[in-house]
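Notes follow once the structure below has been shown.
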Amino acid sequence: QVQLVESGGGLVQPGGSLRLSCAASGSIGRFDAMGWFRQAPGKQRELVATITSTGRTNAVDSVKGRFSISRDNAKNTVYLQMNSLKPEDTAVYYCNAGVISGPRYTASNYWGQGTQVTVSS
């Protein structure tokens, strides 16, 4: 079993910053990567950024240069630093434990409860 707990969401003005955290516990060593996803109202959940166990990162074009993913293996915690936030970044953000094969991230069935990020003036 794997447990994932997200935190750090909130209400922020456009141009502001937030840092999300995802604390992992359980059999997390089975997975070689972690990912942050988001789901806006009425839209499908989408992958935002990934990080491998060795620290290799990737992000979707819409957040490149604004968001960065990192991890602290000693704390089993993954972070998503979000800068220059835009209203279109408003969504529930979820972390996931998964595997990476080449450029493809495959999500597991282990999800956190999500944390709401609202970007509004």
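The values are calculated or read from the model by the stated rules, or taken from the named source; none is laboratory data. Fair warning: this is a prediction, and the values are worked out from it, not measured in the lab. Cβ atoms come from the backbone with ideal geometry, glycine included; neighbour counts cover every protein chain shown. For the accessible areas, the whole protein counts, side chains as well, though only heavy atoms, and no ligand, DNA or RNA atoms are used. Shrake-Rupley method; radii C 1.70, N 1.55, O 1.52, S 1.80 Å.
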Starting from 0.36 nm per residue, how many nanometres of slack lie between Ser17 and Val5 once their C-alpha separation is accounted for? 2.3 nm
Counting only heavy atoms of the protein chains, get the accessible area per residue of the stretch 1-90 (1.4 Å probe) and round it to a whole Å² value. 54
Calculated over the chain: convex hull of Cα atoms, volume per residue (Å³): 94
Relative compactness, the stretch 31-99, computed as alpha-carbon Rg over 2.2 N^0.38 Å: 1.08
What are the lysines whose alpha-carbon lies under 18 Å from the alpha-carbon of Lys86, with same-chain residues fewer than 8 places away excluded? Lys43, Lys64
Given +1 on the Cβ of Lys and Arg, -1 on the Cβ of Asp and Glu, and no further charges, what dipole in debye does the chain carry about its Cα centre, rounded to the nearest 20? 120
Give me a comma-separated list of calculated 3J(HN,Hα) values for the stretch 110-116, in order, Karplus coefficients 6.51, -1.76, 1.60 applied at θ = phi - 60°, integers in Hz, x for any Gly or Pro. 8, 10, x, 7, x, 9, 7
Are there any trypsin sites (Lys or Arg not before Pro) in the stretch 5-84 that are in a DSSP loop and have at most 11 other Cβ atoms within 10 Å? List them by number. Lys43, Arg56, Lys64, Lys75
